[in-house]
């Protein structure tokens with residue numbers, strides 16, 4: 001009898017680098033001859049992460065409209081649909097970045113309720129250095145309310161191990177300082193230092209994920225009132241845009257210009273960015289740009305080197321502001337960037353809201 005599929009869930013706050021890490025893990029597993037399935041998750045449909053991973057040739061299911069914990073049956077259905085033709089060796093799951101309590105609401109129900117067996121990997125939570133520095137140092141917590149900080153800390157508290165990401169961007173002193181902060185706050189939780197961008201530390205990460213034993217065993221109390229209020233501080237926007245022009249548009253420049261414009265508008269309005277993502281798609285070419293904080297710079301994480309007259313865009317925005325304000329700013333930025341490029345932008349679908357109170361299907 002063949003071994004059951006290995007279920008790997010990588011948690012972490014918005015902008016920590018979960019999608020990049022999962023894409024690298026999936027590519028490495030695929031290079032080893034393993035069959036891979038990926039399940040993404042969002043509070044709304046039209047997810048940049050899903051489109052990006054599919055563009056890399058992965059079999060991806062999407063649970064949209066609620067988090068894994070609140071739509072457990074959606075998670076299991078997505079896994080079953082992905083494995084209908086050929087059972088995967090590895091299932092990689094990326095939960096919503098503002099979710100916590102996932103051991104009690106996802107991992108334990110998979111072990112105790114779901115009828116199909118999984119080999120559950122240790123649960124890793126990925127963090128971005130600037131998040132860790134702001135919150136764990138207790139100083140300069142710009143952009144983080146106490147309720148958002150509560151979610152961040154709870155995410156780490158339930159982890160079997162911590163993935164300190166983006167260490168290629170840090171000096172040795174900065175890496176050591178963050179490792180000390182994590183060790184002081186979570187002394188019993190191992191820390192793996194990685195760069196999802198370069199692959200640094202991914203051999204150690206794979207070794208950790210391959211461990212068997214009793215994982216997800218930490219008992220954790222969660223105040224769902226604080227949790228719900230922390231999530232509700234974010235405006236959540238997903239939209240589809242059709243871009244047309246009489247002359248060629250540089251897709252990569254358009255995406256970075258759009259995020260630069262939107263960042264300026266959000267800062268001017270006093271709104272803190274949790275994560276902005278935009279993907280451009282045209283003639284089989286894909287471009288992706290990201291912004292993960294007000295203080296950062298928009299980055300073209302996947303260049304397309306494409307120019308042409310028609311393209312489709314998907315924008316995902318997670319910002320600490322009201323949905324109405326967020327929608328207005330995004331619409332203005334898209335219109336202005338299109339005008340600067342002498343193009344026309346048609347918003348074909350848009351969802352903008354605050355996440356509702358989490359109500360888990362199961363909690364064990």
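Just give me the residues in the stretch 240-272 being without any contact (Cβ under 8 Å) to a residue 60 or more places away in the chain and within 27 Å of residue 96 (Cα to Cα), in sequence order.
Matches in the stretch 240-272: 252, 255, 256, 259, 260, 263, 264, 267, 270, 271.
Being closer than 12 Å to residue 239 by Cα and either in contact with a helix residue (DSSP H, G or I) (Cβ under 6 Å, 6 or more places away or on another chain) or crowded, with 17+ Cβ neighbours inside 10 Å (or both): is that true of residue 313 here?
Against the criterion (closer than 12 Å to residue 239 by Cα and either in contact with a helix residue (DSSP H, G or I) (Cβ under 6 Å, 6 or more places away or on another chain) or crowded, with 17+ Cβ neighbours inside 10 Å (or both)), residue 313 qualifies.
Could you say which residue among 243, 181, 258 is surrounded by 14 or more Cβ atoms within 10 Å (Cβ to Cβ), in the same structural domain as residue 293 (by TED's automatic domain parsing) and touching a helix residue (DSSP H, G or I) at 6+ places or on another chain (Cβ under 6 Å)?
Every option except 258 fails the conditions.
May I ask you to verify whether residue 226 is over 21 Å from the mean Cα position of the chain (by Cα) and buried (at least 17 other Cβ atoms within 10 Å of the Cβ)?
Judged against the criteria, residue 226 is not a match.
Taking residue 305, is it at pLDDT 95 or above, in contact with a strand residue (DSSP E or B) (Cβ under 8 Å, 6 or more places away or on another chain) and assigned to a loop (DSSP other than H, G, I, E, B)?
yes
For residues that are without any contact (Cβ under 8 Å) to a residue 24 or more places away in the chain and surrounded by fewer than 19 Cβ atoms within 10 Å (Cβ to Cβ), scanning just the stretch 50-63, find the one that is nearest to residue 10 (Cα to Cα).
54
Return the residues of the stretch 78-95 that are surrounded by fewer than 20 Cβ atoms within 10 Å (Cβ to Cβ) and either touching a helix residue (DSSP H, G or I) at 6+ places or on another chain (Cβ under 8 Å) or at pLDDT 90 or above (or both); say none if nothing qualifies.
Answer for the stretch 78-95, where residues must be surrounded by fewer than 20 Cβ atoms within 10 Å (Cβ to Cβ) and either touching a helix residue (DSSP H, G or I) at 6+ places or on another chain (Cβ under 8 Å) or at pLDDT 90 or above (or both): 88, 89.
Name the residues in the stretch 326-340 that are in contact (Cβ under 8 Å) with a residue 60 or more places away in the chain and touching a strand residue (DSSP E or B) at 6+ places or on another chain (Cβ under 7 Å), would you?
Once the filter is applied, which keeps residues that are in contact (Cβ under 8 Å) with a residue 60 or more places away in the chain and touching a strand residue (DSSP E or B) at 6+ places or on another chain (Cβ under 7 Å), the stretch 326-340 yields 326, 327, 330, 334, 338.
Restrict the check to the stretch 144-159 and report whether at least one residue is more than 23 Å from the chain's Cα centre (by Cα) and either without any contact (Cβ under 8 Å) to a residue 24 or more places away in the chain or farther than 22 Å from residue 97 by Cα (or both).
Within the stretch 144-159 (the criterion being more than 23 Å from the chain's Cα centre (by Cα) and either without any contact (Cβ under 8 Å) to a residue 24 or more places away in the chain or farther than 22 Å from residue 97 by Cα (or both)), the answer is no, since none of the residues qualifies.
The values are calculated or read from the model by the stated rules, or taken from the named source; none is laboratory data. Quantities reported herein were computed from a predicted structural model and do not represent experimental measurements. Every residue, glycine as well, gets a Cβ built from its backbone with ideal geometry; the counts of neighbours run over all protein chains shown.
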